[in-house]
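There's a structure below that I have some questions on.
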Amino acid sequence: MTALLLASQAWAWKPKFVGHRGSYKGVMNTEEAFRNGVDYYGYDGLECDVRVTSDGKYVISHDETTTNVGGTLTVASSTLAQLQAETYTQTRGGVTYTGHICTIEEYLDICKEKNVFPVIELKWATGINSNDMSNFPGLAKIITDKGLADKVVILTSMKPSLEYVKTNYPQFKCQFLCTTGWKGAQDWCKQWGLNPSIQVGDFDIYSVKSYVEKGMEVAAWTVNSLATYKSVGAMGVTMMTCDYLMPSEMPDLAEIKWEDVEPVLDPLEIKCDTAYIFNRELGNLPVNFPSGLDTDASAYKSAQQACVIDGVFYTNNYTTGDLLAFNENGWVEHGYAAGTNSHGICTDDAGNLIQRADGLSKTPNTMILYQKGSKTPVTVTFELINNGQTNFISASGDVFSQEGGYVYFFPNTQQIVNIVHIAGGKVMDVMASGALSIAGSTAGVVYPVNNDPEHFIYQVRSNGYYLYNKEDKGAYVTGSSSTTQPNRNSSLGGAMFTLDGHKLFIHASGTNYNGGFTIKDMNANKASILSMPVLGTGGYYANPSVGAWFKVEPIDDQHVWLYEYCQGNGYAKYQIYVGEPYEPKPTAVTDVDASKSVKSISYYNLAGMQSATPFSGLNIVVTTYADGSKSSKKVMK
């Protein structure tokens with residue numbers, strides 16, 4: 001991500017597109033699939049898989065047998081005539097296709113006719129494998145006789161086979177097919193004049209840079225969505241293999257200035273101490289906590305989103321319109337006016353309270369603002385550019401300052417984010433982001449970064465967390481389709497913060513709806529430097545919020561407070577830090593002065609939590625006297 005933030009646009013470009021086994025329109029590796037790869041999709045090259053028959057002919061087949069396409073034969077033990085007698089069928093995209101096996105000659109003729117370059121993957125076959133390349137000269141002769149020696153790309157994961165090809169046929173371009181095998185292969189690829197072709201998900205921009213710095217280009221497989229195209233393209237990949245991606249629909253990519261891509265830092269070593277946890281398992285939830293349990297008549301059942309100001313959690317009850325508040329001492333009398341009939345509630349960076357007051361999709365749109373320290377409501381109205389159901393909102397900056405702040409709406413089914421600029425408590429402008437790769441859902445949300453409306457992270461539930469930086473890069477910040485911690489992304493929740501000079505991103509990662517989180521070091525490109533367990537096990541029945549909401553409050557450069565709210569399961573406060581934990585510093589370190597009148601006594605634990613009664617363990621006891629002076633001492637309970 002750091003690299004993407006620094007990459008600047010200079011000129012636009014597109015990679016080369018290669019049809020995977022021809023294309024999705026047709027039985028894979030057959031004439032129809034190859035022709036449609038050019039005629040329908042417009043690919044620049046066509047990829048195939050070559051094998052050798054029992055009578056020494058070269059045919060196109062991905063597998064050793066033809067069973068996956070409705071045949072019954074094994075290629076290596078069958079003659080070309082036997083294979084040609086089979087009729088193949090394959091249903092792709094709801095359409096059933098038929099076809100026959102294609103020879104290498106027929107495939108190359110199509111490439112030559114359509115003026116595209118052939119990409120021939122060498123499968124382990126008779127006379128074409130890591131131990132024996134005796135059948136490759138025959139294949140090379142056909143390629144040369146067809147006049148394609150200067151266009152062909154030989155692709156394989158078999159390193160000895162690549163070394164053989166480059167030794168005996170240096171005019172052939174070659175690619176090393178790999179997953180994570182690219183690691184440590186840079187010098188070998190450079191030595192043999194190869195480029196890597198790496199599976200999507202097994203590399204990043206730093207991987208690509210390690211090859212670019214040695215004068216090589218990187219290809220990727222398989223790319224089949226706009227989001228993946230943008231993500232992989234933003235890493236500098238110059239060739240993409242696709243099943244059904246339409247190149248004409250893909251936007252131009254921005255040049256990457258490789259000299260601006262910062263090196264990866266060592267992952268930050270962070271620790272986490274729990275200040276407090278309230279959940280149903282511990283039996284310490286405040287009365288009327290929004291549990292969501294249908295059996296609890298007194299419970300607020302729809303307080304889905306929450307925010308934090310000075311250690312106090314605030315959440316709207318969508319059903320009743322009440323504003324709820326609670327902290328480590330339990331229920332809090334907050335003094336604000338009643339809440340709203342909306343899930344949406346958040347704070348900006350300055351701690352101003354922002355409530356949506358128009359349900360989920362009503363127009364005109366309305367929000368109620370409270371300047372930090374004030375209980376006087378300020379109502380603002382506006383019209384979103386692309387209105388739609390938006391359950392959750394987020395904000396950045398200071399909406400009461402002269403510069404102002406921004407409130408973000410990511411509506412269901414829309415591929416834009418609405419951004420409302422508010423300054424001095426008044427709406428200044430309503431803007432829209434550029435087109436995103438993935439449409440929002442009712443559980444879509446934005447996580448602001450640096451009060452910059454052209455720079456944020458957005459999440460589409462069950463898809464992942466993506467970077468928006470003046471345009472949608474389609475780049476995963478974290479998450480994928482995985483439902484495994486720490487990559488789980490079915491639950492909402494995230495926040496960007498800085499600790500010891502590193503940009504860290506916290507995101508929900510526990511089992512669905514139950515809380516739990518993971519922290520990623522963006523500067524180190526480390527997916528998980530810390531993971532914490534779930535807050536509870538209530539699941540969806542006890543938690544229709546589908547999220548775990550986070551608020552980070554800095555203490556100093558090496559310590560932050562982290563607050564977490566997960567409806568139906570509980571809420572918690574943690575200290576995230578580097579080195580030693582933060583300890584609040586009393587104004588003086590003395591024993592109680594018996595000659596003075598005592599006004600109050602407070603107890604603090606090492607996480608900074610305050611109480612009127614001693615904690616279990618070490619306590620810092622602060623005595624406040626009637627004249628305003630204080631003294632403190634450390635005691636063990």
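The values are calculated or read from the model by the stated rules, or taken from the named source; none is laboratory data. Being a predicted model, the structure only gives us computed values, none of them experimental. Because the Cβ atoms are built from the backbone with ideal geometry, glycine has one as well, and the counts that use them run over all protein chains shown. Areas reflect the complete protein model, heavy atoms only, side chains present, ligands, DNA and RNA absent. Shrake-Rupley method; radii C 1.70, N 1.55, O 1.52, S 1.80 Å.
Is one or more of the residues making up segment 216-226 closer than 19 Å to Trp182 by Cα, without any contact (Cβ under 8 Å) to a residue 60 or more places away in the chain and acidic (Asp, Glu)?
The answer is yes, given that some residue of segment 216-226 is closer than 19 Å to Trp182 by Cα, without any contact (Cβ under 8 Å) to a residue 60 or more places away in the chain and acidic (Asp, Glu).
What pairs come out if I take residues in segment 242-253 that are more than 13 Å from Val18 (Cβ to Cβ) and pair them with residues that are in a helix (DSSP H, G or I) whose C-beta lies under 8 Å away, six or more apart or interchain?
If the second residue must be in a helix (DSSP H, G or I), the pairs left are Glu249/Leu226; Met250/Leu226; Met250/Tyr229; Pro251/Lys230; Leu253/Lys230; Leu253/Gly233.
Another question about this same structure. Take the residues in segment 130-139 that are surrounded by fewer than 19 Cβ atoms within 10 Å (Cβ to Cβ) and of a type outside the set (Gly, Ala, Ser); name whichever of them is nearest to the chain's Cα centre (by Cα).
Here the answer is Asn131.
Can you name every residue in segment 404-429 that is part of a strand (DSSP E or B), in contact (Cβ under 8 Å) with a residue 40 or more places away in the chain and surrounded by fewer than 17 Cβ atoms within 10 Å (Cβ to Cβ)?
Across segment 404-429, the qualifying residue is only Lys426.
Residues are listed down the side, and each one gets a yes or a no for (1) open to solvent by 50 Å² or more (accessible area, probe 1.4 Å); (2) closer than 21 Å to Lys257 by Cα; (3) of a type outside the set (A, V, I, L, M, F, W, C):
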site	(1), (2), (3)
Pro160	yes, no, yes
Thr167	yes, no, yes
Asp202	no, no, yes
Tyr206	no, yes, yes
Glu213	yes, yes, yes
Ala227	no, no, no
Met235	no, yes, no
Thr238	no, yes, yes
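Across segment 358-398, what is the number of residues that are in a loop (DSSP other than H, G, I, E, B), over 23 Å from Ser462 (Cα atoms) and in contact (Cβ under 8 Å) with a residue 24 or more places away in the chain?
Going through segment 358-398 one residue at a time, the tally reaches 9.
Would you confirm whether or not segment 369-384 contains a residue that is closer than 17 Å to Tyr318 by Cβ, buried (at least 22 other Cβ atoms within 10 Å of the Cβ) and aliphatic (A, V, I, L, M)?
For segment 369-384, residues closer than 17 Å to Tyr318 by Cβ, buried (at least 22 other Cβ atoms within 10 Å of the Cβ) and aliphatic (A, V, I, L, M): absent.
What residue, among those in segment 11-51 that are in contact with a Lys or Arg (Cβ under 8 Å, 6 or more places away or on another chain) and of a type in the set (Lys, Arg), is least open to solvent (accessible area, probe 1.4 Å)?
Among those that are in contact with a Lys or Arg (Cβ under 8 Å, 6 or more places away or on another chain) and of a type in the set (Lys, Arg), it is Arg51.
Please verify whether Ser401 is in contact (Cβ under 8 Å) with a residue 24 or more places away in the chain, in contact with a Leu (Cβ under 9 Å, 6 or more places away or on another chain), of a type in the set (Ser, Thr, Tyr) and not in a strand (DSSP E or B), treating the condition exactly as stated.
no
Taking the residues in segment 308-338 that are open to solvent by less than 20 Å² (accessible area, probe 1.4 Å) and in a loop (DSSP other than H, G, I, E, B) as candidates, determine which candidate is farthest from Ala572 (Cα to Cα).
Among residues in segment 308-338 that are open to solvent by less than 20 Å² (accessible area, probe 1.4 Å) and in a loop (DSSP other than H, G, I, E, B), the one farthest from Ala572 (Cα to Cα) is Gly321.
Oh, and also: Of the residues Asp243, Asp266, Asp252, which is open to solvent by 20 Å² or more (accessible area, probe 1.4 Å) and more than 30 Å from Val38 (Cα to Cα)?
It is Asp266.
Shifting gears a bit: Residues that are touching an Asp or Glu at 6+ places or on another chain (Cβ under 6 Å) and within 28 Å of Phe176 (Cα to Cα): does segment 121-138 have at least one?
yes
Would you say Asp348 is farther than 17 Å from Val445 by Cβ and either acidic (Asp, Glu) or touching a Cys at 6+ places or on another chain (Cβ under 8 Å) (or both)?
No; evaluated as a whole, the condition is false for this residue.
How many residues does segment 171-200 hold that are of a type in the set (Phe, Trp, Tyr) and open to solvent by 40 Å² or more (accessible area, probe 1.4 Å)?
1
Go through (1) on the phi > 0 side of the Ramachandran plot; (2) at pLDDT 90 or above for Gly283 and report which single condition fails.
Only one criterion in (1) on the phi > 0 side of the Ramachandran plot; (2) at pLDDT 90 or above is unmet by Gly283, namely (2).
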